[in-house]
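The structure under discussion appears below in the form of structure tokens.
The values are calculated or read from the model by the stated rules, or taken from the named source; none is laboratory data. Because the structure is a prediction, the values reported are computed rather than measured. Note that we place each Cβ from the backbone using ideal geometry, even for glycine, and neighbour counts take in every protein chain shown. Protein only, heavy atoms only, side chains kept; ligands, DNA and RNA dropped before computing areas. Shrake-Rupley method; radii C 1.70, N 1.55, O 1.52, S 1.80 Å.
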Amino acid sequence: MSTAPMTRAAHARAILALGLPLIGGHLAQFAIGLTDTVMMGWYGVPELAAMTLATSLYHVFLLFGAGFGWAVMPMVAGFATTGDDQQIRRATRMGLWLSAIFFFAVMPLMWASAPILRAIGQEEQVALDAQTYLRIAGWGMLPALGVMVLRNYLAGLEHTRIVFWITVAAAIANALANYALIFGNWGAPEMGLRGAAWASVVSHSVSLVLVIAYALRRLPEHALFQRLWRPDWEMFASVARLGIPIGLTTLAEVALFAMSAVMMGWLGTIPLAAHGIALQIATATFMVHLGLANAATVRASTAYGRRDAQHLARGAQVAVMLSLGMVALATVLFVTLPDLLLGAFVDPTDPARDAIIALGTLLLIFAALFQLVDAMQVVNLGLLRGLQDTSVPMVIASLAYWGVGLPCAYVFGFVLDFGAGGIWSGLVSGLGVAAVLLAWRFWRIKLPELTGQRGLAPGRIAH
């Protein structure tokens with residue numbers, strides 16, 4: 001029995017129904033980092049600079065390890081189309097295994113991070129303060145990676161609303177812990193930078209407890225935690241084959257941003273602080289695009305499982321259009337309200353406030369272009385992941401970010417002496433190349449392969 005193709009309006013409703021809770025979840029997750037940045041900015045600029053550097057390194061490790069969690073999403077979504085609960089259980093369990101192994105491999109690097117940071121040109125005190133943060137916050141990576149696996153498991157099953165509410169609960173826990181531990185409120189000791197690190201551990205732990213409780217209560221048929229200790233090497237290898245390229249792709253991008261923070265550190269504390277604030281603002285809009293990309297991954301996975309190229313193409317077009325709409329809105333905000341956006345992050349009495357806002361205003365102009373190319377690369381990357389195509393996108397990302405983005409950031413920032421604006425120009429260059437190549441791979445190679453008509457235009461497939 002045939003069914004009529006979904007209209008674009010129907011695709012938009014389906015993507016938003018799936019994607020809005022994911023966007024909300026990403027924004028709530030972002031709020032955790034945002035709360036850290038705002039409160040630490042009010043506590044002191046040197047502490048904010050150290051935390052910016054520390055969290056850049058932390059996220060290099062976290063998002064590489066999160067590749068195993070991201071791999072679970074398209075696998076679970078594909079298995080769900082055939083109702084294969086056993087395969088869903090196997091993939092999720094081995095995602096947890098791989099995430100735990102990864103944590104124990106990288107924790108020593110966070111514990112001894114000061115020599116690494118000094119070796120890449122950071123000031124002695126900033127490196128020591130960043131290490132202090134990482135020695136505490138690093139322990140939160142184990143629950144954080146577990147949450148990544150289980151959130152993607154739930155998203156693959158389209159249980160996206162609970163992902164949002166769990167992340168909101170974690171963000172609230174983080175804000176309360178930050179307020180108490182950074183400033184010494186409610187009878188807690190004033191811990192400053194260390195307080196922000198402990199608050200991060202608290203928020204990740206709260207998320208893990210809640211997501212496990214939900215999975216046990218609402219999806220008992222999957223029995224995720226029964227005999228969790230038993231290895232499943234076949235599925236272990238399958239998740240690793242899909243997850244390692246995803247992790248390396250994410251690592252290539254995150255490491256690019258981490259190196260941009262390092263370069264800003266070469267320019268001084270004020271450029272590093274302005275960079276951290278501007279990047280936080282740009283990241284808020286990126287969370288919307290990431291949520292749409294996640295929804296596109298799930299929708300593409302189900303269409304791919306049915307080998308329905310028309311459904312895939314039309315849904316992909318709608319995902320791109322929704323993302324471009326958000327780009328337009330964010331650009332208006334960045335250009336017209338820079339003082340309001342930047343001023344929220346710095347204490348009004350801080351003597352460096354005017355200099356930080358002046359430089360941050362320039363960076364927000366670059367951020368308007370930056371988020372356009374970032375949106376297009378992440379949505380197309382999400383579509384490719386839905387087709388379980390991860391190895392070639394990994395190569396594309398690595399070449400674009402490190403072969404184009406990083407060298408351009410250095411040349412524009414230091415050789416041509418454009419400073420902070422030059423570094424951000426390099427970021428735009430790398431992300432722009434990635435966006436073009438990933439879009440080409442999805443629309444001109446992978447989608448035509450599904451129809452058996454290589455080179456067929458996307459518009460003709462969709463009509």
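By accessible area of protein heavy atoms, probe 1.4 Å, what ranking do D417, D350 get, highest first?
Correct descending sequence by accessible area is D417, D350.
Computed FRET efficiency, Cβ-Cβ of R307 and V168, R0 41 Å: what is it to the nearest 0.05?
In this case the efficiency is close to 0.65.
Between rounded, prolate and oblate, where does region 311-425 land on the alpha carbon gyration tensor, with a ≥ b ≥ c its root eigenvalues, rounded for a/c under 1.5, else prolate if a/b exceeds b/c?
Note, shape of region 311-425 comes out oblate.
Quick one: what Rg and Dmax do you get for the chain from the alpha carbons, in Å?
Here Rg and the maximum Cα pair distance are 21.6, 71 Å.
Could you state the angle between the C-alpha long axis of helix 353-386 and the longest principal axis of the C-alpha atoms of the chain, as a value from 0 to 90 degrees rounded to the nearest 10?
Approximately 20 degrees, to the nearest ten.
Under the classification rounded if a/c is under 1.5, otherwise prolate if a/b is larger than b/c and oblate if not, where does region 359-400 fall, given a ≥ b ≥ c as square roots of the Cα gyration tensor eigenvalues?
prolate
Evaluate the distance, in nm, between pseudo-label points positioned 7 Å from the Cα of F418 and of L329 along their respective Cα→Cβ axes.
Modelled inter-label distance: 3.0 nm.
With a 1.4 Å probe and every protein chain left in place, tell me how much accessible area E449 has, in Å² to the nearest 10.
Counting only protein heavy atoms, E449 exposes about 80 Å² to solvent.
From the Cα gyration tensor of region 230-305, with a ≥ b ≥ c the square roots of its eigenvalues, which class applies: rounded if a/c is under 1.5, or else prolate if a/b is larger than b/c, or else oblate?
oblate
Leaving ligands, DNA and RNA out of it, rank F366, F68 by accessible area with a 1.4 Å probe, largest first.
F366, F68
Roughly how many Å² is the accessible area per residue of the chain, as a whole number, for a 1.4 Å probe?
39 Å²
Once the Cα atoms of helix 67-81 and of the chain are each reduced to a long axis, what angle between those two axes, in degrees from 0 to 90 to the nearest 10, is obtained?
Roughly 20 degrees, rounded to the nearest 10.
Residues of region 60-92 with backbone nitrogen within less than 20 Å of a virtual label 7 Å along the Cα-to-Cβ line of E449, please, listed as ranges.
Counting only backbone N, you get 71-79.
In the full protein assembly as shown, how much of V415 is accessible to a 1.4 Å probe, in Å² to the nearest 10?
Approximately 100 Å² of V415 is accessible to the 1.4 Å probe.
Using 0.36 nm per residue, how much length does the chain from Q86 to W233 gain when fully extended, once their Cα-Cα distance is taken away?
51.4 nm
Using Cα atoms only, what is the angle between the long axis of helix 309-336 and the major principal axis of the chain, expressed in degrees (0 to 90) to the nearest 10?
The angle comes out at about 20 degrees.
Using helices alone, what [θ] at 222 nm do you get for the chain, with -39,500 (n - 2.57) per DSSP H run of 4 or more residues, divided over all residues and rounded to the nearest 500?
Helix contribution divided over all residues of the chain: -27500 deg cm²/dmol.
Going from most exposed to least, what order do I246, I116, I365 have by accessible area with a 1.4 Å probe?
Accessible-area ranking of I246, I116, I365, largest first: I365, I116, I246.
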